Structures are given as C-alpha cells and as structure tokens.
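Report on the following structure.
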Amino acid sequence: MITRITGGRVIDPVHDRDGIGDIWIANGQITTAPGDGRADEVIDARGAIVMAGAIDIHSHIAGGNVILARLLLPELHVSETAADLGLPFATARWSAYETGRLYAQMGYTTVIEPALAPTAALATHLELADIPMIDRGALSVLGNDDQLLALLRDRQGKDAVRDLVALTLATSRGLGVKVINAGGAAAFKENVRRYGLDDTVPSYGLSSRQILTALLDAVAAIGVPHPLHVHCSNLGLPGSDETILATMEAAEGRPIHFAHAEFYSYGAREEGGFVSAAERVCAGLAAHPNVTLDVGQVIFGQTTTISLDILRQYQANKSARPRKWIVTDGDAEGGGIIPFNYKRTNGVNALQFAIGLELFLRSPDPWRVLLTTDHPNGGPFTAYPRILHLLMDKAERDRVMAGLPAMARKRSGVDAIEREYTLAEVAIMTRAAPAKLLGLADRGHLGPGARADVAIYDDNADRTAMFSQALTVLKDGRAVIRNGAATGWHAGRTLALAPGYDQAMERRADSYLDERFGMGLSGFAVPEDAFEPGLFQVESCRT
C-alpha cells in the first residue's frame, strides 16, 4: 500500500527540510513519489507538523528493579487506560501496554532501556517484548562484575576484555554498553562509602578510572555504534561537576556518553549546599567534541528512583518518601529503589529543576544534549511535552520560575537566558541526534529508505498540549495512534547487536558461570526461540 502524507510542515533536520511538503510511504518505509502520483491512502496534514518518530535514549521501562518498584509502590499505579480493554495488567500505570501507549501517544517510536543486567537479561527482554507500538533496545551493564574485574586485576590483556564485553553483548542481546559507577557497587560491598574516579575497589586493586578506560577501549575495539554510556560516581552530590569534568578528560578523546548529566551539574558551595554548575558542564561539553549527554530533567511530583548504583541508593535511603525503600545485592550491581517526591516549594528540588533547564538552554549543540528525565528517577517520561514547552517559550518559563523559591533563581542562571528552542532543534534533540548516537540509520529522519516511523502534531502554540497527544503516529507505516488515540495492539521489535568474539572466551565464561552459579552460559543467554519469530533486529557493529 502507498500512503501519502500531504500538506504538513515537514521538519527533518537530517535532510535540511523545514517547509510544507509531502511524505510518501510504501512497504513500511519512506519512499519517493510514485511516477503516477497516486496513493492508496492520503493523510491530510494541513496545519500540522510532521516529524520522524521520536527516540528516547534512556528510560527505565523493564527489568527486575522496575518490577520491584511496582511491588514497593502499588499505590502509585493508577490506570490511565480504560479497564474494558481486557488487557492483562492494563490497570497498572507501569504495565507494558501503558508504557507503549503513552510513548506512542507522544510520537515516540523507539525507547532504550539503559540498565540490562546480563544475569537477568532473559527476564528483561521478555518484558520489553510485551511493550507494544514502539521498538525497544537495552544497554548491557558491565563494570562491577567479578568476571570483568578479575580479568583486569590479573592483567589478562585488552583482547580478553574485548572478547568478554563482546560475548556479554551477544548473549544478553544488548544494543550498547553501560557502566554504572565503575567499581562503585563492588567497593560498596566491601564497606567503602566514599568512592570517586581515582578510588580503588579493595579486592581488585582497580580504580574507577582503570575500569572505565578498559571499557572505553573494548567498546571502541568491538565497534559498538553507541559510545560507552556512563553513570559516573558521586551522583547528585555537591561537587559532582568535578567528577563529570574529570571523566570527560579521562576519555582522552574517545566517544563517551554521560547519562542524566543534571545530577552531575551541582557545584559545591563553601558555606554548604550546591549551586548550578550547568554553565561549567556545558563549557566542558563544548571543549570535548567526543562527549554527548542526556539531561535527566527533574520534574515536580511523586516518583521513585531506580538505579544499580547501590552505593548512592543506600546513602539516599533516608530521603525516601514515602518512607520505604529497597536495596538488593546482586552478582554485580544489585539494585536500589528509593521513592522520592520532588516538591515545587522545596528550594533544593526547585534548584534541581532549574539546573536541568539550564543545561538544555546553555547547550552548545542540540546534537549532543538529549531530552530525558532518566524515567522515573527525575520524573516520568510523560513530562517530556511540558519540558519542551518550557524550552521553547521564554514567557512560560519565566512564569514558572517566578513561582519557585528564591534559592532556585539565585543559584541558577535560567532567568537570564533568552534562548528558545526551535522546532528544528526539538527534532534534532529527540529524533535525529539519538538515532545517530545509537547508530540507527533507519530512523530519526524522513529520507527515502528510513522506517516509516512518523509523528504528526497539531501546530499548537501550547507546546505542552501539542507534544502530549500526536494527531497521528505511524509505526512502520501503520497507524498506531489515530486522532490522538491508540488503534490497538501493534507489536514492535527489539534492537540488538551480535558482535563476534574468540570462542575461547565463551568456554572460559561458561566454566566461570557454572562454578559460580551451578549453570553455564546457556542459563543466562537470551535464546531467540523464547520469542516470536522476527522479534530481534540485529544492528551492525562498525568495522
């Protein structure tokens, strides 16, 4: 079937398009106009904005810690879905169906889960596969596991580390590699409570810097398209800006992506507390063209924090609101769930909110600063439309800032910034840039050959309303949202890498896991026959 989207303002920065035009679709892909100019279906987009489907590079939507958060906080799971849909668990806000529906409703068509624990990969992928209407992927977590740290301690060499990382990616079906406070969880288990870039894990004699460097080298050697995805040490502490800037230097020009940089933009004050370091972090970003980041914007309201950084989660347990929390030990990181309520009237929370906005507004390049809330840690992903409104509308931003405690305005620079994001910059930050950063050439743009993932929005001056509910969303050319409502259950696919590795490492890992857990590598791998045929889309590594 041939579909024509006509009359809309097409915004596609990859192809320098910003104007009224048509988009043609055939066989699930963007194509050129047929010779006879005829279409089987015509979508009238007059008065509307047409963009590629949006991509979220960092959102905790599946896995053991997400499940624990659901169990810890059942009172938060109020349904936004009609009960008569007859879908399993449709009454839980964080159900798989709700996750897919809410993302698609906002025009998102691809979402990345950033914390795929290799020992629990199968369970995570089974849950990801249940999320409809969007494509998914996940980042395999390394950097605190005994097998990797032992290789480094015993100086087994770069090739061995490369093969273990490649094997982990292949067996866990990850789309990239993430490191969470490199060595921090392992050190925490030995009663270390303060841990920075040059502190060491006692039993291994390795610093966080050494572990980070080894993973940067391995990711580059394998040819993983997405840079090493880094959760630094000292998250959320005054002076955390020193950590992210030192880590930028530690990368020594190699590609590196920083997750939820908002929480590393807190400059320490001599008199106590913190001040915005957004300007300093953005200066560091400008000086290091190899660096990208996502913001992790804080949003006011009740949420919960979910992280494998058990050192910082344990330290934060006294801040739990409501007063219940979970920290678990695991093979590597374990996990922590700390409920939190960001209050508009709280000066510290308001300052956090302001710092996130300031990072966006001082960004030297929308291709390198991406929109996230670190869902659910900074707030729910459903807040993206409101964030975009504040970035695009100086008057609305001023109105919101005027209602915050004076401390937030005094210790941040938001009020003085005149910048307003354009629709083209929004399309870069939420579409083109994350696709490029993940190595996904088939999405994030509207050029011929791209997947027909398309979002059509009413061009409403109220950008919150505009981006909250797309008029129409096509996934692979099929309407998953029509007139602002879901059209039913539509299966997506899971994106993954399948790098090669030395078979000797497979035998070595199998023996290690069998000795440690009583089952070998096959007990932790993600078999294709556990899923519907064609679920996985294998992406290529760079050569």
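Side notes on the structure shown:
- Under 5 Å between amide hydrogens, built in the peptide plane, is the criterion, and for Val111 it picks out Asp56, Asp135, Arg136, Gly137 among residues at least 5 positions away or on other chains.
- The alpha carbons of the range 454-538 give a radius of gyration and a Dmax of 21.6, 61 Å, in that order.
- Shape category assigned to the range 88-240 from the gyration tensor of Cα positions, a/c cut at 1.5: prolate
- For the chain, the longest piece that avoids every one of the trypsin sites (Lys or Arg not before Pro) found in DSSP loops with at most 10 other C-beta atoms within 10 Å covers 324-541.
- Accessible area per residue was computed with a 1.4 Å probe on protein heavy atoms; Cys541 scores about 40 Å².
- The range 313-410 - percent relative contact order, Cα under 8 Å, separation 6 or more: 25 percent
- Rounded FRET efficiency, nearest 0.05, which uses the C-beta distance separating Trp489 from Asp36 and R0 of 41 Å: 0.75
- Label-reachable residues, the range 224-252, where backbone N falls under 19 Å from a point 7 Å from Ala498's Cα toward its Cβ: 224-226
- Accessible area of the chain belonging to carbon and sulfur atoms, whole % at 1.4 Å probe: 50 percent
- Remark: spin-label model distance Gln537-Arg193 equals 4.8 nm, labels positioned 7 Å along the Cα→Cβ axis.
- Scattering profile of the range 167-282 at q = 0.11, 0.22 Å⁻¹ [log10 I(q)/I(0), Debye over alpha-carbon scatterers]: -0.38, -1.25
- 3J(HN,Hα) along the range 221-227: 5, 6, x, 5, x, 7, x Hz, from the Karplus curve 6.51 cos²θ - 1.76 cosθ + 1.60 with θ = phi - 60°, whole Hz, x for Gly and Pro.
- Note on the range 436-478: Cα Rg divided by 2.2 N^0.38 Å, N the number of residues, gives 1.35.
- Most to least accessible of Thr99, Thr171 (protein chains only, probe 1.4 Å): Thr171, Thr99
- The stretch between Glu418 and Ala123 holds 101.6 nm of extra length on full extension. This uses 0.36 nm per residue minus the Cα-Cα distance.
- Amide H to amide H distances under 5 Å link Phe258 with Val230, Thr292, Leu293, Asp294, where only residues 5 or more positions off or on other chains count and H is placed in the peptide plane.
- For the chain, the equivalent ellipsoid built from the Cα gyration tensor has semi-axes of 35, 29, 22 Å, listed from largest to smallest.
- Solvent-accessible surface of protein heavy atoms, probed at 1.4 angstrom with all chains present, puts Glu528, Glu262, Glu425 in the order Glu528, Glu425, Glu262, largest first.
- Approximating the spin labels as points 7 Å out from Cα along Cα→Cβ, the Asp18-to-Met1 distance works out to 3.4 nm.
- For the chain: relative contact order, % (alpha-carbon pairs under 8 angstrom, 6 or more apart): 20 percent
- Between the beta carbons of Asp398 and Asp159, assuming R0 = 56 Å, the FRET efficiency works out to 0.50 to the nearest 0.05.
- Seen from Ile481, the other residues with C-beta closer than 12 Å to its C-beta sum to a net charge of +3, counting Lys and Arg as +1 and Asp and Glu as -1.
- Average accessible area per residue (Å²) across the chain - probe 1.4 Å, nucleic acids and ligands excluded: 37 Å²
- The phi torsions of the range 136-146, fed into the Karplus equation with coefficients 6.51, -1.76 and 1.60 and a -60° offset, translate into couplings of 10, x, 8, 9, 6, 9, 9, x, 10, 7, 4 Hz, rounded to whole numbers, with Gly and Pro shown as x.
The values are calculated or read from the model by the stated rules, or taken from the named source; none is laboratory data. Please read all numbers here as calculations on a predicted model, not as lab measurements. Here the Cβ is made from the backbone with ideal geometry for all residues, glycine too, and neighbour counts use every protein chain on show. Keep in mind that these areas ignore ligands, DNA and RNA; they rest on the heavy atoms of the full protein, side chains included. Shrake-Rupley method; radii C 1.70, N 1.55, O 1.52, S 1.80 Å.
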